[in-house]
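Worksheet for the structure shown next.
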């Protein structure tokens, strides 16, 4: 856990790395889509936090939170790709890291509809950033790439949270959520 905390702190202290995910990541729209979410700490932190929050919530949230985020992200990607603007995209992305990390840290078991609503709003903004920065050609393939990478990040957070919970280390899952929220604040003020 110390290594993970150090990694979060390092990413948060280097804003040009943390927010540098614009551009072509390999020539193909699919690879570009896969690389976009994983090449910026802002997206990685938020997407792992969704998985952590789902893990501490349990029940139907295990699938509902990640799936709602990805569905909204795809819709937001479509908006961004077609030039339909959303106000405050970057501030909402940073807010998602802080809020979802905090919700995981508090192990808040929101009613499912409210939890889904929260991740849906944030997923829309993350998707908008992906769509705006994506390639003009191959949009569907690019979207498949960023949806796949996002789901993998959700599953990483979910798997880590469930593994820690199974080891009776629920506090560690909550600590990772808190670390995510702190990293989000560091990004916001860097």
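None of the figures in this text is laboratory data; all of them are computed from the coordinates on show. Treat the numbers as computed from the prediction; the structure is a model and nothing was measured. All Cβ positions, even for glycine, are placed from backbone atoms using ideal geometry, and neighbour counts span all protein chains on display.
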For the pair residue 106/residue 75, report the inter-label distance in nm, with labels modelled 7 Å from Cα in the Cβ direction. 2.5
Work out the FRET efficiency for residue 114 and residue 185 from their Cβ-Cβ distance, taking R0 = 22 Å, and round it to the nearest 0.05. 0.40
Would you indicate which of (i) 57, 36, 25; (ii) 53, 39, 29; (iii) 48, 35, 28 is the value of Cα extents along the principal axes in Å derived from the coordinates of this structure? (iii)
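Return the calculated 222 nm mean residue ellipticity for the chain, to the nearest 500 deg cm²/dmol, obtained by summing -39500 (n - 2.57) across DSSP H runs with n ≥ 4 and dividing by the residue count.
-26500 deg cm²/dmol
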May I ask for the Kirkwood hydrodynamic radius of region 126-190, worked out over all distinct Cα pairs and given in angstroms to one decimal? 14.1
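Would you mind classifying region 35-80 by shape? Square roots of the alpha carbon gyration tensor eigenvalues, ordered a ≥ b ≥ c; an a/c under 1.5 is rounded, otherwise it is prolate if a/b is larger than b/c and oblate if not.
Details: a/c = 3.56, a/b = 1.40, b/c = 2.54.
Judged from the Cα gyration tensor, region 35-80 comes out oblate (a/c at least 1.5, b/c at or above a/b).
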